[in-house]
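**Q** Okay, here's the structure, questions in a sec.
Derivation of every value follows stated rules applied to the coordinates shown; laboratory data play no part. Every value quoted in this text rests on a predicted model; they were computed, and no experiment measured them. No Cβ is skipped: glycine too gets one built from the backbone with ideal geometry, and neighbour counts run over all protein chains shown.
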Number of protein chains: 2
Amino acid sequence: MTKAIKKFRKYIDEKNLQITRQRMDIAEVFLQSGRHLSVDELYELLKEREISAGRATVFRTLKLLNESGVAGEVDLGEKTRRYEVKFGNTHHDHLVCTGCGRYIEVYSGQIEEMQEKLCAEHGFKPSSHRLDIFGLCRSCGIEKKKKGYR
Amino acid sequence: MTKAIKKFRKYIDEKNLQITRQRMDIAEVFLQSGRHLSVDELYELLKEREISAGRATVFRTLKLLNESGVAGEVDLGEKTRRYEVKFGNTHHDHLVCTGCGRYIEVYSGQIEEMQEKLCAEHGFKPSSHRLDIFGLCRSCGIEKKKKGYR
DNA sequence: ATGAAATTGAAATTCATATTCAAATGACTA
DNA sequence: TAGTCATTTGAATATGAATTTCAATTTCAT
Ligand SMILES: [Mn+2]
Ligand SMILES: [Mn+2]
Ligand SMILES: [Zn+2]
Ligand SMILES: [Zn+2]
């Protein structure tokens, strides 16, 4: 059993909830995917693997995973919410490719520092932030050139 | 007539749409407010001023204002979309106070530069970005101290 | 095993946003 | 100016993601 699953079980236990087959199945498929998944994508992924779980339960379990700190909510400006694995992953920002939809995870200690400084200048106490850069990833950029687009 | 209104009229004209009382009223109240407004907030603001406009028309006009470049969409992780005045305002990021809901507009040329660098390192061609920092503004931070919170 | 409590999931609800369509308004022509 | 056609308006309806409801099922403690 992975550490992430252990942490999830611990959280469930502390909240006096029950460790059920659905919750564990959903958590495992989510963790294995390693992707930035919407509720519906995870629901379909479970169906593919012939794991039965209702949409409502997938919603609720992702919420639990989020509360437990195992998963994190990601809002990339789409209409639907996504979740990513947070446990074992350090903080990062996203390069979002508008060509192929990939999310590239990036980090810059310098940017983080400058954000702190910027906040200090305004007497602002930061607790979290979100930096998303939208554009074209390397392969999509090349693709466009090939096709002669601008 | 302000330059922003002029630009909006020009856009409407170019699209072979009509300059109507509703469109102008909505645009003017929006521009005067200078705030980060949701559709509903603007709709209520119009009602207060006894300007009649249906919700659908407010939606549609904000969309037009956005397309014209006079307004910009702002997604601050709430369930509802907001619009801000874009015309005459340069690019900026947001410090979002989770205490009082204020949006402080900030800018750091250094952060922008580092973002460019970060993208370049990944062969990524950026076209836009979004940086929001959530936390407590100066007055909300002081408030919390007074009350003895952590 | 028994009963109380928690969980599940199909269906209903909510809420923001988008669309529909009949009536109103505006533009244009004769 | 009156007539005609096109656009706009806004109340009502539709949509779609997220949440809630509640009866049936499952789990846990005894
Ligand atoms: Mn990520
Ligand atoms: Mn702003
Ligand atoms: Zn790509
Ligand atoms: Zn504040």
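**Q** Please specify each residue of the stretch B:104-132 satisfying the condition of being hydrophobic (A, V, I, L, M, F, W, C) and farther than 17 Å from B:T90 by Cα. Show your work before the answer.
**A** Quick first cut of the stretch B:104-132, residues hydrophobic (A, V, I, L, M, F, W, C) only: B:104, B:106, B:111, B:114, B:118-120, B:124, B:131.
Listed by number, the residues that qualify are B:M114, B:L118, B:C119, B:A120, B:F124.
**Q** Can you list the strands (runs of 3 or more DSSP E) lying wholly within the stretch B:1-120 that have 1 or more residues being within 16 Å of ligand 4 (Cβ to nearest atom), more than 14 Å from chain A (Cβ to nearest Cβ) and loosely packed, with under 14 Cβ neighbours inside 10 Å? If you could, list the steps in order and put the result at the bottom.
**A** Details: elements: B:71-74, B:82-85, B:93-97, B:103-106.
It comes to none.
**Q** Then there's this: Of all residues in the stretch A:3-41, which are closer than 21 Å to A:E73 by Cβ and among the polar types (S, T, N, Q)?
**A** Residues satisfying the conditions are A:Q22, A:Q32, A:S33, A:S38.
**Q** Select, from A:V106, A:V74, the only residue that is hydrophobic (A, V, I, L, M, F, W, C), out of contact with any Lys or Arg (no Cβ under 9 Å at 6 or more places or on another chain), without any contact (Cβ under 8 Å) to a residue 60 or more places away in the chain and within 21 Å of A:I133 (Cβ to Cβ). Explain how you work it out, then say what you get.
**A** Working: A:V74 fails: out of contact with any Lys or Arg (no Cβ under 9 Å at 6 or more places or on another chain).
Only one candidate qualifies: A:V106.
**Q** Okay, moving on. Out of (1) assigned to a loop (DSSP other than H, G, I, E, B); (2) of a type in the set (S, T, Y); (3) within 10 Å of chain A (Cβ to nearest Cβ), the odd one out for B:S128 is which?
**A** All conditions are met except number (1).
**Q** Then there is this: If you check A:Y107 against the conditions, is it under 14 Å from the mean Cα position of the chain (by Cα), more than 10 Å from DNA strand D (Cβ to nearest atom) and aromatic (F, W, Y)?
**A** Values: under 14 Å from the mean Cα position of the chain (by Cα): no; more than 10 Å from DNA strand D (Cβ to nearest atom): yes; aromatic (F, W, Y): yes.
It is false that A:Y107 is under 14 Å from the mean Cα position of the chain (by Cα), more than 10 Å from DNA strand D (Cβ to nearest atom) and aromatic (F, W, Y).
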